[in-house]
Amino acid sequence: MIARASFPALRRLAALAIFAALTGCGSLFAPSTPISYYTLTPTAGTEAGLSSFGSQIVAVQTVRLPEYLNQNGLVTRARTNEIYVARDSQWAGPLDSNATNVIVANLARLLRSSKVVAFPISAALPVDRVVHVDISQFEEASDGTVTLVAQWTLFADGGRTYLTTNAATYTTAASGTDFAAITAAMSQLLGSLSQDIAAALEASQTVGRPLAARS
């Protein structure tokens, strides 16, 4: 004999099922954490600029970043081999493009030139100096230190003649623990990198042969 549940019992079971479903899906209706968006900004000033770079056009290739940095969330380093990617603090656009544009703006100020551009560019543009930048590390560590490790290479004749390759490590302490302070420190480090690139570009004007790489 098969027992049949009464109508009140079925109603109670249905109510319990609905309650369980609503409880399990409650997070879907909970207010989400707002996302904050950040950008890097130029920091170089014309008051400390180098001499004019004349009429030469300088083109900066898109900065190359390791894959762990080129993502939406801001990255910080928790331990030597562990990183943290923020969910509610993100870049307002691709980090490689942002870093490239900041370097271009810094170089334009430092060289007192309006002829510093970012790739891609028209093939008709008579570019003289080309700058390649490779960044291997660019984030804050758990102790609040922000580090930028970069290598840059300069070419003349629109990229056909090699000039020099240099590398350096830049560090600074963020003024606070929030991402606004961290991105400000990162912008400052890009400014220091830009100063070294600008100095190398200036030096390349007075040397008629490829420059020796700095140790």
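Bear in mind that the values in this text are calculations on the coordinates, not laboratory data. It should be emphasised that the depicted structure is a prediction, and the values quoted were computed from it without experimental measurement. Methodologically, a virtual Cβ is constructed for each residue, glycine included, from the backbone with ideal geometry; neighbour enumeration extends over all protein chains shown.
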List the residues whose amide H sits under 5 Å from the amide H of residue 118, counting only those 5 or more places along or on another chain, with H placed 1.01 Å from N in the peptide plane. 60
How big is the equivalent ellipsoid of the stretch 94-215 along its three axes, where each semi-axis is √(5λ) from the Cα gyration tensor, reported in whole Å from largest to smallest? 28, 16, 12
Hey, quick one: spin label on residue 177, modelled 7 Å out along Cα-Cβ, who in the stretch 138-162 has an amide N within reach, i.e. under 15 Å? 141-145
Treating only the Cβ of Lys, Arg, Asp and Glu as charged (+1, +1, -1, -1), what charge dipole size does the stretch 82-215 show about its Cα centre? Round to the nearest 20 debye. 680
Could you derive backbone 3J(HN,Hα) for the stretch 127-140 from the dihedral phi with the Karplus parameters 6.51, -1.76 and 1.60 (θ = phi - 60°), listing whole Hz in sequence and x where the residue is Gly or Pro? 6, 9, 8, 10, 10, 10, 10, 10, 10, 9, 8, 6, 6, 8
Can you give the translational diffusion coefficient of the stretch 44-151 in µm²/s, computed by Stokes-Einstein from the Kirkwood radius over Cα pairs at 37 °C and 0.692 mPa s? 212
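Using Cβ contacts closer than 10 Å as the measure, can you line up 87, 109, 160, 129 from fewest to most?
Lowest count first: 160, 87, 109, 129.
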Quick note on 139, 82, ordering by fewest other C-beta atoms within 10 Å, gives 82, 139
How many nm separate the modelled label positions at residue 157 and residue 37, each set 7 Å beyond the Cα in the direction of the Cβ? 4.4
What is the local net charge at residue 99, summed over the other residues whose Cβ is closer than 12 Å to its Cβ (Lys, Arg +1; Asp, Glu -1)? -1
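Once fully extended, how much extra length lies between residue 134 and residue 203, figured as 0.36 nm per residue of separation less the alpha-carbon to alpha-carbon distance?
Fully extending the segment from residue 134 to residue 203 adds 22.8 nm.
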State, to one decimal in nm, how far the label point of residue 149 lies from the label point of residue 112, with both points 7 Å from Cα in the Cβ direction. 3.7
Any idea what the dipole of the stretch 105-150 comes to, in debye rounded to 20, about its Cα centre with Lys/Arg Cβ at +1 and Asp/Glu Cβ at -1? 460
Counting only DSSP loop positions in the stretch 52-115, the chymotrypsin sites (Phe, Trp or Tyr not before Pro) whose Cβ has at most 12 other Cβ atoms within 10 Å are 68
Computed over the stretch 109-215, the relative contact order (Cα-Cα under 8 Å, seq sep at least six) in percent reads 23
Relative contact order %, the stretch 36-205, counting alpha carbon pairs below 8 Å whose residues are six or more apart: 27
